[in-house]
């Protein structure tokens, strides 16, 4: 079998457009996941049992069910409750909510890694729990969380391929469209894989850069 990547060349603009959609969806989902994960992660350690339980339940459900099912629930299920979302926002929200469950556990682990003595010292100084969390705990916890957050962001970029199931024209969907025209399955999906590899490499490099900068402080 001889590979012929020349059949893919005319479709490179389509792949780039698909990659652009993938990047946009991933960035927005990362921001949503960070926001949700930070709130839920703090909720997992805050000394209030009802909040602890709600945060635990969220993480338990999100981590215990497939992302694909969550996407289907948001896009196909919510209309039965009178809530209709277009495919792209539904996909981004689904990715963000799913990522939030994993980010929450990363945040919880980062917070719990901060020595308890610092919490007690802050209490003696008269700081409230939230002041202690914001000014003392979180800045230190972020350093511990960065490698794990980087892995989560890379995973999210790869999981964005599931948006193709909602008929969103992201990178994987473009690959399927090009394959249906060229019938060059191997060449097409090698191209798709290489673009994903480039995207995840950029994410990993950025996280390592931020990690090095943070350690210098």
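The values are calculated or read from the model by the stated rules, or taken from the named source; none is laboratory data. Note that the structure is predicted; figures quoted are calculated from it, not measured. Cβ sites come from the backbone with ideal geometry, for glycine too, and all protein chains shown count toward neighbours.
Might you let me know whether the stretch 24-39 holds any residue that is over 13 Å from residue 97 (Cβ atoms) and surrounded by fewer than 17 Cβ atoms within 10 Å (Cβ to Cβ)? Walk me through how you get there before you give the answer.
Here is the first cut: in the stretch 24-39, the ones over 13 Å from residue 97 (Cβ atoms) are 24-27, 38.
When the remaining residues are screened for being surrounded by fewer than 17 Cβ atoms within 10 Å (Cβ to Cβ), the result is 24, 27.
Yes - at least one qualifying residue is present in the stretch 24-39.
State yes or no: is residue 47 part of a helix (DSSP H, G or I), at pLDDT below 95 and over 27 Å from residue 151 (Cα atoms)?
Judged against the criteria, residue 47 is not a match.
Hey, does the stretch 54-68 have a residue that's modelled with pLDDT of 95 or more, at negative phi and outside any helix (DSSP H, G or I)?
For the stretch 54-68, residues modelled with pLDDT of 95 or more, at negative phi and outside any helix (DSSP H, G or I): present.
Just checking, which of 206, 197, 146 is out of contact with any helix residue (DSSP H, G or I) (no Cβ under 8 Å at 6 or more places or on another chain) and modelled with pLDDT under 95?
206 is the lone residue from the list that is out of contact with any helix residue (DSSP H, G or I) (no Cβ under 8 Å at 6 or more places or on another chain) and modelled with pLDDT under 95.
Take the conditions out of contact with any helix residue (DSSP H, G or I) (no Cβ under 8 Å at 6 or more places or on another chain), at pLDDT below 95 and either surrounded by 15 or more Cβ atoms within 10 Å (Cβ to Cβ) or within 27 Å of residue 133 (Cα to Cα) (or both) and apply them to residue 79. Does it pass?
On the way: out of contact with any helix residue (DSSP H, G or I) (no Cβ under 8 Å at 6 or more places or on another chain): yes; at pLDDT below 95: yes; either surrounded by 15 or more Cβ atoms within 10 Å (Cβ to Cβ) or within 27 Å of residue 133 (Cα to Cα) (or both): no.
Judged against the criteria, residue 79 is not a match.
Taking residue 117 as the residue in question, decide whether it is at positive phi and at pLDDT below 95.
No: the conditions fail for residue 117.
Test each condition in (1) closer than 24 Å to residue 100 by Cβ; (2) crowded, with 17+ Cβ neighbours inside 10 Å; (3) in contact (Cβ under 8 Å) with a residue 40 or more places away in the chain for residue 188 and report the one that comes out false.
Here residue 188 clears every test but (1).
Which count do you get for residues in the stretch 64-93 that are free of Cβ contacts under 8 Å to residues at least 60 places away in the same chain and within 18 Å of residue 35 (Cβ to Cβ)?
Residues meeting the conditions: 3.
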